[in-house]
């Protein structure tokens, strides 16, 4: 079994842009080695008869069926809008489409 060293933890911490003190580094060495030990134990199991799966439990869709319902009348929808022209919501322009960008 391969083990995690302090230099391994320091390398990963550097990739994650973390500044770990000596105590945190030592704690992570122990935790990561514990995880590797658990993975080694899992590798000992015979999984040939186990179907690959995404989740340990079967998932079912909990969404309701789509139902056509009357929509909100335009006047009522526009009533709460800070700006409108009696037909559309009016919002500030945020994109410069005439400048040739994007």
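Laboratory data are not the source of any read-out in this text; all were calculated from the coordinates shown. Everything numeric in this text was worked out from a predicted model, so none of it was measured. Methodologically, a virtual Cβ is constructed for each residue, glycine included, from the backbone with ideal geometry; neighbour enumeration extends over all protein chains shown.
Table for the structure above
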quantity: Modelled FRET efficiency - R0 22 Å, residue 74 with residue 95, Cβ distances, 0.05 increments; calculated: 0.30
quantity: Prolate/oblate/rounded call for the chain, Cα gyration tensor, a/c under 1.5 rounded; calculated: oblate
quantity: Shape of segment 57-102, Cα gyration tensor, a/c cut at 1.5; calculated: oblate
quantity: In degrees, nearest ten, helix 6-15 long axis to first principal axis of the chain (Cα); calculated: 20 degrees
quantity: Computed label-point distance, nm, for sites residue 3 and residue 55 using a 7 Å Cα→Cβ extension; calculated: 4.0 nm
quantity: Near-label residues of segment 1-15 by backbone N, under 15 Å of a point 7 Å along Cα→Cβ of residue 40; calculated: 1-5
quantity: Residue-averaged [θ]222 nm for the chain, counting only DSSP H segments that reach four residues, each worth -39500 (n - 2.57); calculated: -11500 deg cm²/dmol
